[in-house]
1. For the structure I just gave you, tell me whether Ala103 is at pLDDT 85 or above and either of a type outside the set (Val, Ile, Thr) or assigned to a loop (DSSP other than H, G, I, E, B) (or both).
2. Tell me whether segment 70-91 contains one or more residues that are polar (S, T, N, Q) and either closer than 30 Å to Arg107 by Cβ or touching a Pro at 6+ places or on another chain (Cβ under 9 Å) (or both).
3. Pick from Glu15, Glu47, Glu43, Glu57: which is modelled with pLDDT of 85 or more, within 24 Å of the chain's Cα centre (by Cα) and not aromatic (Phe, Trp, Tyr)?
4. Scanning for something aliphatic (A, V, I, L, M), at pLDDT 85 or above and exposed (fewer than 12 other Cβ atoms within 10 Å of the Cβ), does segment 79-94 turn up at least one residue?
5. Which condition number does Val23 fail, the rest of (1) surrounded by 12 or more Cβ atoms within 10 Å (Cβ to Cβ); (2) outside any helix (DSSP H, G or I) being met?
6. For segment 39-78, which residues satisfy the criterion of being exposed (fewer than 12 other Cβ atoms within 10 Å of the Cβ) and in contact with a Phe, Trp or Tyr (Cβ under 8 Å, 6 or more places away or on another chain)?
7. Can you tell me which residue in segment 68-99 is farthest from Lys38 (Cα to Cα), limited to those that are part of a helix (DSSP H, G or I) and among the small types (Gly, Ala, Ser)?
8. Residues that are assigned to a helix (DSSP H, G or I) and touching a Lys or Arg at 6+ places or on another chain (Cβ under 9 Å): does segment 51-67 have at least one?
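The values are calculated or read from the model by the stated rules, or taken from the named source; none is laboratory data. Everything numeric here is computed off the predicted structure, so don't read it as measured data. Glycine gets a Cβ as well: all are built from the backbone with ideal geometry, and neighbour counts include every protein chain shown.
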Amino acid sequence: MIEETIELDEKSLKEVKEPTQRVSAERLEKFAELVEQKVKEAESDAEQEKNKEIKKEKKAAYRLKRKIYKKLKEDYSPRLKKYEAQMEIFGDRNSYSKTDHDATFMRM
């Protein structure tokens with residue numbers, strides 16, 4: 001079962017022609033804005049619905065979109081910004097000290 005899943009994943013990765021790129025903090029912010037718009041649209045759509053069953057389904061979809069937006073804005077975006085700052089400090093070295101960015105660790 002696990003071997004089949006791994007094999008399927010490897011096949012799907014081989015089929016992708018485009019090289020993968022890192023997501024920058026700016027691209028993530030733009031995506032978060034797009035998700036925010038979708039959240040607002042889903043919220044207004046759910047509030048305008050008259051049928052209770054359909055309204056319940058639309059509110060569930062709205063909650064899911066809001067949860068994704070909140071995760072992007074409060075979790076992923078700050079961590080990505082912190083990671084990019086650390087990579088900038090790291091540069092082309094093998095290591096750096098968190099308290100003194102010019103210092104490196106001595107290998108024995």
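1. No: the conditions fail for Ala103.
2. Checking segment 70-91: at least one residue is polar (S, T, N, Q) and either closer than 30 Å to Arg107 by Cβ or touching a Pro at 6+ places or on another chain (Cβ under 9 Å) (or both).
3. It is Glu43.
4. yes
5. (1)
6. none
7. Only one residue fits best here, namely Ala85.
8. Looking for residues that are assigned to a helix (DSSP H, G or I) and touching a Lys or Arg at 6+ places or on another chain (Cβ under 9 Å), one finds at least one in segment 51-67, hence yes.
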